[in-house]
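Enquirer: Sharing a structure below in structure tokens format, with a few things to ask.
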Amino acid sequence: MTTAKPAYTASLSFSDGSAGTEFPVYKGTTGPDVIDIRKLYANTGKFTFDPGFMSTGACESAITYIDGDKGELLYRGYPIEDLAKHCDYLDVCHLLLKGELPSPQEKADFDYVVTHHTMLHEQMVRFFSGFRRDAHPMSVLVASVGALAAFYHDSLDISKEEHRHVASIRLISKMPTLVAMAYKYSQGQPFAYPRNKLSYTANFMHLMFSTPCDEYVPNEVLVRALDRILILHADHEQNASTSTVRLAGSSGANPFACIAAGIATLWGPAHGGANEAALVMLEDLLAKGGVDKIGEFIKQVKNKESGVKLMGFGHRVYKNYDPRAKLMQETCAEVLTELGLENDPLFKLARKLEQIALEDDYFVSRKLYPNVDFYSGIVQRAMGIPTSMFTAIFAMARTVGWIAQWSEMLGDPDQKIGRPRQLYMGQTKRKITTPSTKLGTHSWESSPH
């Protein structure tokens with residue numbers, strides 16, 4: 001049951017002579033009011049129709065808030081800009097899971113428990129050997145995360161708070177190891193083992209880039225940049241993958257299966273693959289002439305018949321500048337400067353393309369501003385991360401958000417198994433009048449084989 005009390009009521013009337021009805025309206029701490037239509041069918045015999053859930057609030061949540069018109073993103077009330085500048089990723093994990101930023105002692109304890117659960121069951125190495133070397137990292141990640149349920153039976157009883165806690169820590173801890181293993185396997189390199197003395201993000205870079213031949217020393221500027229990427233992608237309200245995790249969790253599925261379902265959804269190109277698509281677009285434009293071809297490219301984008309899209313611009317929710325994009329732009333500059341790539345033609349092209357698009361009424365009137373994906377691909381490319389790994393790293397970052405949302409849903413006393421309804425447009429009830437064949441007669445009966 002919602003913790004809020006109805007602020008007022010909304011009346012619904014019908015022109016077909018059906019009796020009208022009223023519904024309670026709730027006010028959140030911020031954001032649009034919500035009409036509670038849970039009794040709509042019982043009162044009227046009718047459902048709502050909302051493809052894509054454009055106007056439907058599916059749950060009550062206290063984790064993340066987005067104001068798309070203002071370009072605002074809050075984790076537990078904290079602006080994403082403040083968190084990205086003053087916190088590390090594990091601070092944000094603590095915040096999303098527990099509701100508050102950690103005290104110094106809480107941080108030490110939380111960092112310790114996450115760091116000391118990064119190793120995987122050794123039999124998972126054999127599990128990886130069943131994949132083709134050219135398998136996409138996301139397919140490997142979907143399978144391997146789901147398979148964790150076969151190794152960690154002591155955290156599958158979701159009715160027990162301790163089991164949920166242990167599963168949450170395991171998923172956050174082991175995801176970097178799994179993502180790095182997917183990369184190493186694709187490269188034919190030996191798996192690296194975690195190092196407890198390193199930070200969460202530095203350890204991931206060690207797992208990705210170290211070899212038995214040489215000791216890998218993480219670059220602190222790059223560690224901070226990647227840590228910021230993780231923070232910016234940690235949660236994003238009720239998006240497709242988060243809604244999938246909640247829907248899977250509503251059935252009572254184990255946490256590893258739920259997160260695997262979220263990863264599978266994130267793999268979709270309309271959801272998690274935007275940074276890869278933006279980078280491919282920039283590389284293609286660079287190959288065709290770079291800055292000198294931007295004008296021609298923009299004309300093609302405006303022509304709906306061309307099929308050319310400006311990737312990395314616009315967002316389903318944000319109708320203003322994505323606050324994460326500004327932070328990502330700053331991070332991109334820091335990384336390229338650190339690596340001596342400040343004159344990188346791809347970055348210059350991205351900056352010029354952004355400038356021209358933001359000065360064009362076509363994009364401004366449609367509120368198509370750069371989103372976080374426009375620059376994150378360039379940052380990861382500069383770090384030496386292949387494009388095939390972009391979405392896997394996104395999944396690693398989003399794991400804590402999925403877990404926080406899953407845990408919140410299980411703690412909701414009003415939680416029920418998800419069951420959307422439909423507008424049926426198929427055949428009405430009918431009978432079989434002339435059977436095409438008689439029962440018991442099949443073509444194979446007369447076959448000599």
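The values are calculated or read from the model by the stated rules, or taken from the named source; none is laboratory data. All values derive from a computational prediction rather than experimental measurement. Neighbour counts run over all protein chains shown; Cβ positions are idealised from the backbone, glycine included. Areas reflect the complete protein model, heavy atoms only, side chains present, ligands, DNA and RNA absent. Shrake-Rupley method; radii C 1.70, N 1.55, O 1.52, S 1.80 Å.
Enquirer: Could you please find all residues in segment 236-282 being part of a loop (DSSP other than H, G, I, E, B) and among the acidic types (Asp, Glu)? Explain how you work it out, then say what you get.
Expert: Residues of segment 236-282 that are part of a loop (DSSP other than H, G, I, E, B), as a first pass: 236-239, 251-254, 267-273.
Correct list: Glu237 only.
Enquirer: Checking the conditions here, which among Leu95, Leu73, Leu83, Leu90 is open to solvent by less than 20 Å² (accessible area, probe 1.4 Å), farther than 25 Å from Tyr369 by Cβ and touching a strand residue (DSSP E or B) at 6+ places or on another chain (Cβ under 7 Å)? Please lay out each step first, then the result.
Expert: Numbers: Leu73 fails: farther than 25 Å from Tyr369 by Cβ; Leu83 fails: farther than 25 Å from Tyr369 by Cβ; Leu90 fails: touching a strand residue (DSSP E or B) at 6+ places or on another chain (Cβ under 7 Å).
Selected residue: Leu95, the only one of Leu95, Leu73, Leu83, Leu90 that is open to solvent by less than 20 Å² (accessible area, probe 1.4 Å), farther than 25 Å from Tyr369 by Cβ and touching a strand residue (DSSP E or B) at 6+ places or on another chain (Cβ under 7 Å).
Enquirer: Continuing with the same structure: How many of the residues in segment 29-58 are more than 20 Å from Tyr424 (Cα to Cα) and open to solvent by less than 50 Å² (accessible area, probe 1.4 Å)?
Expert: The total comes to 2.
Enquirer: Taking segment 258-308 on its own, how many of its residues are open to solvent by less than 40 Å² (accessible area, probe 1.4 Å), aliphatic (A, V, I, L, M) and more than 30 Å from Asn343 (Cβ to Cβ)?
Expert: Number satisfying all stated conditions: 5.
Enquirer: So Ser365 ticks every box in (1) free of Cβ contacts under 8 Å to residues at least 24 places away in the same chain; (2) among the small types (Gly, Ala, Ser); (3) within 21 Å of Glu283 (Cβ to Cβ) but one. Which box is left unticked?
Expert: In the conditions (1) free of Cβ contacts under 8 Å to residues at least 24 places away in the same chain; (2) among the small types (Gly, Ala, Ser); (3) within 21 Å of Glu283 (Cβ to Cβ), Ser365 misses (3) alone.
Enquirer: Further question: Would you confirm whether any residue within segment 397-411 is over 24 Å from Arg246 (Cα atoms) and at pLDDT below 95?
Expert: No, segment 397-411 has no match at all.
Enquirer: Take Arg381 and tell me if it is outside any loop (DSSP other than H, G, I, E, B), open to solvent by 50 Å² or more (accessible area, probe 1.4 Å) and closer than 18 Å to Thr201 by Cβ. So that I can check it myself, show each step before the final result.
Expert: Working: outside any loop (DSSP other than H, G, I, E, B): yes; open to solvent by 50 Å² or more (accessible area, probe 1.4 Å): yes; closer than 18 Å to Thr201 by Cβ: yes.
The answer is yes for Arg381.
Enquirer: Still on this structure, please answer the following. Which residue pairs have Cβ atoms closer than 9 Å, lie 6 or more positions apart in sequence or on different chains, and pair a first residue in segment 1-15 that is open to solvent by less than 90 Å² (accessible area, probe 1.4 Å) with a second residue that is at pLDDT below 90?
Expert: Thr2/Asp414
Enquirer: Looking at Lys352, Lys319, which is the one that is touching a residue at least 40 places away in the same chain (Cβ under 8 Å), open to solvent by 10 Å² or more (accessible area, probe 1.4 Å) and not in a helix (DSSP H, G or I)?
Expert: After applying the criteria, what remains is Lys319.
Enquirer: Out of everything in segment 178-202 that is open to solvent by less than 10 Å² (accessible area, probe 1.4 Å) and either not assigned by the TED database to the domain that holds Phe127 or not aliphatic (A, V, I, L, M) (or both), what residue ends up being farthest from Phe131 (Cα to Cα)?
Expert: Taking segment 178-202 and keeping what is open to solvent by less than 10 Å² (accessible area, probe 1.4 Å), we get 178-180, 182, 184, 201-202.
Narrowing further to those that are either not assigned by the TED database to the domain that holds Phe127 or not aliphatic (A, V, I, L, M) (or both): 184, 201.
Working: Lys184: 12, Thr201: 26 Å.
Going through the qualifying residues, I end up with Thr201.
Enquirer: Quick one: would you say Leu40 is over 18 Å from the mean Cα position of the chain (by Cα) and under 30 Å from Glu162 (Cβ atoms)? I'd like the intermediate steps shown before the answer.
Expert: Values: over 18 Å from the mean Cα position of the chain (by Cα): yes; under 30 Å from Glu162 (Cβ atoms): no.
In short, no.
Enquirer: On the given criteria, is Ser173 farther than 22 Å from Val223 by Cα and either in the same structural domain as Gly262 (by the TED database) or open to solvent by less than 10 Å² (accessible area, probe 1.4 Å) (or both)?
Expert: Values: farther than 22 Å from Val223 by Cα: no; either in the same structural domain as Gly262 (by the TED database) or open to solvent by less than 10 Å² (accessible area, probe 1.4 Å) (or both): yes.
For Ser173, the condition - farther than 22 Å from Val223 by Cα and either in the same structural domain as Gly262 (by the TED database) or open to solvent by less than 10 Å² (accessible area, probe 1.4 Å) (or both) - is not met.
Enquirer: Taking segment 16-28 as the region of interest, how many residues are open to solvent by less than 60 Å² (accessible area, probe 1.4 Å) and more than 22 Å from Gly411 (Cα to Cα)?
Expert: Within segment 16-28, the subset open to solvent by less than 60 Å² (accessible area, probe 1.4 Å) is 18, 20-21, 23-26, 28.
Imposing the further condition that a residue be more than 22 Å from Gly411 (Cα to Cα) reduces the set to 18, 20-21, 23-25.
Selection size over segment 16-28: 6.
Enquirer: Among (1) within 23 Å of Glu237 (Cα to Cα); (2) not in a helix (DSSP H, G or I), which single condition is Lys304 missing?
Expert: Among (1) within 23 Å of Glu237 (Cα to Cα); (2) not in a helix (DSSP H, G or I), Lys304 violates only (1).
Enquirer: To continue, here is another question. Which is under 19 Å from the mean Cα position of the chain (by Cα) and closer than 17 Å to Lys309 by Cα, of Val379, Val372? Give the steps one after another, and end with the answer.
Expert: Details: Val379 fails: closer than 17 Å to Lys309 by Cα.
Criteria check complete, one pass: Val372.
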